[in-house]
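Just so you know, all these numbers are worked out from the coordinates, no wet-lab data involved. What you are looking at is a predicted structure, and each value in this text was computed from that prediction instead of being measured. FYI the Cβ positions are ideal-geometry reconstructions off the backbone, even for glycines, and counts take in every protein chain you see.
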Amino acid sequence: MNEHAAEGFSVISAFLNFAELGPEWVMYLMIALGFVMIALSVERSWLYASTRVDVPALARGLIDHLDRGDVEAARKLVTSGRALEERVVADALEVWARGPFAVEQILASSVARERQRYERYLTYLGTVGNNAPFIGLLGTVIGIIVSFQALGRNPKGGLEVVGPGIAEALVATAVGLVVAIPAVVAFNAFKAQLKARVGNADFLGRIILAAMARPEAK
């Protein structure tokens, strides 16, 4: 019993000693995480914005060329494209001669490859968005502990002793929310755009498969 009590006291003492570092380091950590989040959001925004494609126009072009049996002209529409949809269609047209099964398999594998390219760094944004408030809350708890330790050393001090410390502690929670909210917004926005891009690729892929199903295409 005494051993457990001593062990518990030891753990609490260690945490109290750790708390004496104050909540400021938590805020610096949150600021660092926020800067990385902003940098990755800008990089992802550039990728998504620079690889937009007019899907209806591309679909009309594919239908026109494939209806005339001009697969080479259809390839030229997408060969130099950087967009997810263009790269998937280009891969599918490269194996046109192998038949519908091969095209269908290439469509699936190309979408999976492109999804990885567009999902890069999104895990970081989601992790920061989900956990930044809790990291900020840790800073708040540490700040409150420090404030009450100060009050214990000066019981007559009152609010002027604990007030500044508690205010500083609450700032840690605020910083956590300031970092988390944009991260969650960016994560959801990129995920929604990626879902739309994958849907576009599926739409264009079905156009290719439908063209291959025509008797004259065989």
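Listed peptides 163-172, 176-185, 73-82 appear in the order 176-185, 163-172, 73-82 once ranked by packing, highest mean of other Cβ atoms within 10 Å at the front. Cβ crowding within 10 Å ranks Ile208, Ile135 as Ile135, Ile208, fewest other Cβ atoms first.
Taking θ as phi - 60° and the Karplus parameters 6.51, -1.76 and 1.60, the scalar couplings of the range 187-197 work out to 4, 5, 5, 5, 4, 5, 5, 5, 4, 5, 5 Hz in sequence order, x denoting glycine and proline.
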